[in-house]
Amino acid sequence: MGNVIIFMAVAVLTVVVIGYTLALAKKPAEAAKRGAVIAGVVAAVLIVLGLYLGLVWAPTERMMGDSYRIMYIHFPSWVGTAAGYLVAFIASIAYLRTRDQGYDYVAASAAEIGLLFNATGLVTGALWGRPTWGVYWTWDPRLTTTAIMAITFAGYLVLRAFIEDPEARARVSSLVAIVGFVNVPIVYFSVRWWRTLHQVQSSPETVDSPMVWALRTMMVAFLFLFLYLLISRYMLARIRGEEELEAVRLEVASE
Amino acid sequence: MSKGAIIAALLGLASIVLVFVVVPGMRDAGYIVRAYVITAVILAVYTWSLANRVDKAEKGRSARRDVTP
């Protein structure tokens, strides 16, 4: 029962965080900045606490030994990745419906932060795989679909850099983000659909309580870190977007 | 350098120090240290760079507003 309540609390927190990031498009800069400061402070405190819980407080795992402690940064990295790509997906749909540039800034920022966490997830996964599986990398369905996901969103960011017209860039990249997101649920379910090397998701009922609490703390910490980074990246995107629109206006006026 | 960038750098350094103090006695310590240090470096450098870029862009915007009549 306790685990169900905590699961619901984490789910609600995730929905609130994602909802807040989407609302950024309509928020004044000062309010966004305040949100970034709060998220940054919460993330910093929880990261320090989570590192202590994961590296000192949690016991050694019976089968894997201490290498399982990589999970305390590996799994939270996927929380940041999933949150980033989900926000990019929803903001892209919102942009195509409303044509509000704010949603395009949110989508681009979320994709970049998602890719950042995707990179840390891949690196930590490889460093856990070597002592556990004997290899850094193998073409397992989970690993392969995750690599495809990273390449897709890296392509999304490269594509944005190549299109100069802000409206065309927002329209085309929204479509890429929507199509790219299709892979996210495939990544999640790949371990159940194709039972190969990568294990299925663990349940809190079968894991020692200190391990679960360390993992939950780091998950929430990375969610707040994601929020802090996303707000900061959005503020940068908005300033650059305003500069770009101003330059276009001046060019039109001078003709 | 902005306040956010300094905090990101300090937090990244503190995490690396903690890992080097706590992990070396463990089994497979090399992999754990590498995973934590690489993650800390990636996240701290990105956060540091982003905080600096935001700070610079905000200063540029206010400078433009001061110049524009």
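A short reminder: the numbers here are calculations on the coordinates, not readings from a lab. What you see is a predicted model, and the numbers here were worked out from it, not measured in a lab. Quick reminder, even Gly has a Cβ in these numbers, built from the backbone with ideal geometry, and neighbours come from all protein chains shown.
Some notes on this structure:
- Distance histogram for the protein assembly as shown (every C-alpha pair counted, 10 angstrom bins, percent rounded to whole numbers): 6, 25, 33, 23, 9, 3, 1, 0
- With neighbours defined as other Cβ atoms within 10 Å of a residue's Cβ, the residues A:ARG142, A:ARG171, B:ARG64 order from fewest to most as B:ARG64, A:ARG171, A:ARG142.
- Helical runs (DSSP H, four residues minimum) scored at -39500 (n - 2.57) apiece and divided by the length of chain B put the mean residue ellipticity at 222 nm at -31000 deg cm²/dmol.
- Two-site FRET efficiency, A:SER209 against A:VAL179, from Cβ-Cβ distance with R₀ of 51 Å, rounded to 0.05: 0.80
- In terms of overall dimensions, the C-alpha atoms belonging to the range B:3-67 reach 61, 15, 6 Å along their principal axes, ordered largest to smallest.
- Efficiency of FRET between A:ALA9 and A:VAL37 - r from beta-carbon atoms, R0 30 angstrom, step 0.05: 0.80
- Packing-based exposure ordering (other Cβ within 10 Å, fewest first) of B:ARG53, A:ARG97: A:ARG97, B:ARG53
- Per-residue Cβ neighbour rank within 10 angstrom, fewest leading, B:ILE7, A:ILE113: B:ILE7, A:ILE113
- Note on the range A:71-254: Cα convex hull, mean projected area over all directions, 11.6 nm².
- Neighbourhood charge, 14 Å Cβ-Cβ cut-off, centred on B:PRO24 and excluding it, Lys, Arg +1 and Asp, Glu -1: +1
- A:ARG62 sits among other residues whose Cβ lies under 15 Å from its own Cβ, and their net charge, with Lys and Arg +1 and Asp and Glu -1, is -2.
- Residue among A:ALA107, A:PHE162, A:ALA247 farthest towards the positive dipole end of the range A:71-254, charges placed on Cβ: A:ALA107
- Put a plus charge on the Cβ of each Lys and Arg, a minus charge on the Cβ of each Asp and Glu, and nothing anywhere else: the dipole of chain A about its Cα centre is then about 560 debye.
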